[in-house]
1. So if each residue of separation counts as 0.36 nm, and I subtract the Cα-Cα distance between Ser46 and Leu215, what length gain in nm does that give?
2. Towards the positive end of the charge dipole of the chain, with charges on Cβ (+1 Lys, Arg; -1 Asp, Glu), say which of Gly47, Gly164, Ile194 has the farthest Cα.
3. Taking K and R as +1 and D and E as -1, what net charge do the other residues with C-beta under 15 Å from the C-beta of Gly47 add up to?
4. Would you mind checking which residues have amide H under 5 Å from Ala114's amide H? H placed 1.01 Å from N; only 5 or more apart, or other chain.
5. Could you compute the net charge surrounding Thr181? Neighbours are other residues with a C-beta less than 15 Å from the C-beta of Thr181; K and R count +1, D and E count -1.
6. With labels modelled as points extended 7 Å from the Cα through the Cβ direction, what inter-label distance (nm, one decimal) is found for Cys125 paired with Ala255?
7. Of the peptides 71-79, 164-172, how do they stack up when ordered by the mean number of other Cβ atoms within 10 Å, highest first?
8. Quote the charge dipole size of the stretch 4-233 about the Cα centre in Debye, to the nearest 20; the model charges only the Cβ of Lys and Arg (+1) and of Asp and Glu (-1).
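Values quoted throughout were computed directly from the atomic coordinates according to the rules given, and no laboratory measurement underlies them. Remember, predicted model here, so these are calculated numbers, not experimental data. Every residue, glycine among them, receives a Cβ derived from its backbone with ideal geometry; neighbour counts consider all protein chains shown.
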Amino acid sequence: MKGLKARIRCGETLLGCWLNLGSPLTTEIVGLAGFDWVLIDLEHGSGTESGVLAQLQALEHTPAAAIVRVESLERIRAQRVLDLGAEGVMFPRSRSVEEARQAAEAMRFQPEGARGAARLVRANCFGIEFDEYYASSKERLIGIVQVETREILACLDAVAAIEGVDVLFVGPTDLSLALGTYGRPDHPRYLEAIEATAAAARKAGKAAGILLPGLEEFSTYYDRGFRFIACGSDVGFVNMGARTMVEELRQLRAAGSTKKRE
């Protein structure tokens with residue numbers, strides 16, 4: 001099931017995951033796992049813009065909606081991944097209402113926005129469905145603004161009210177570093193910031209999102225109204241799986257050596 005924007009508006013809790021390896025194979029594996037959405041990370045991930053197409057193609061037959069986190073607020077960065085067929089764009093490190101507005105405008109065609117129109121791109125089936133894509137894009141494409149700086153905390157209500165901003169998404173590491181609370185997720189200053197984010201989103205009829213540091217944090221955010229929740233990454237799954245397998249094999253090897261001595 002996709003149709004992610006309509007599900008956000010209905011208040012559904014939507015579960016996601018990060019894709020950092022830039023691999024279409026791990027992208028497909030994660031997409032088939034059953035997540036509602038996955039995020040291809042061009043800000044910190046190993047992949048580049050040139051590899052996004054293969055990842056989007058790998059997700060096409062999976063239940064997961066494809067969101068791309070771009071490197072910057074430059075209009076062309078969002079335009080490129082949208083033309084390739086991304087269903088949403090995440091914009092990192094916004095600092096002001098104006099920057100959030102630029103992000104929203106990058107998602108929309110003129111006259112409401114700043115996105116350039118091209119008929120022969122993958123998103124509209126290379127021109128076959130351009131009119132349909134143009135007409136439905138505002139109702140389908142998801143704009144996500146990250147809450148990661150001190151500056152944006154002062155204007156959360158105004159950012160959430162922008163048409164085209166569908167999710168206020170907390171980056172917990174960057175936000176805690178900005179607040180001087182890194183490593184202290186229960187610090188009052190940090191908790192105040194996430195509660196303000198959830199409140200602003202709720203007031204505007206938008207969603208609050210978070211990349212969880214771990215599953216044990218789920219209730220902390222869910223109970224505060226966060227409904228666009230990610231946990232884990234392809235990097236983490238491979239790393240954890242490999243390390244777990246090595247540890248289990250070592251235990252079996254040690255047990256086998258003991259039995260042989262007996």
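1. On the way: separation 169, 0.36 × 169 = 60.84 nm, distance 2.42 nm.
Residue separation times 0.36 nm, minus the Cα-Cα distance, leaves 58.4 nm.
2. Gly47
3. On the way: positive: Arg69, Arg77, Arg80; negative: Glu28, Asp41, Glu43, Glu49, Glu71, Asp234.
Spelling it out: positives minus negatives among the neighbours equals -3.
4. So Ala114 has HN proximity to Ala106, Met107, Arg108.
5. Values: positive: Arg150, Arg184, Arg189; negative: Glu148, Asp174, Asp186, Glu192, Glu195, Glu217.
Result for the neighbourhood of Thr181: -3.
6. 5.6
7. On the way: 71-79: 16.9, 164-172: 24.0.
Per-residue mean Cβ counts within 10 Å order the peptides as 164-172, 71-79.
8. Details: 24 positive and 31 negative charges, 61 e Å.
In debye, rounded to 20, the stretch 4-233 gives about 300.
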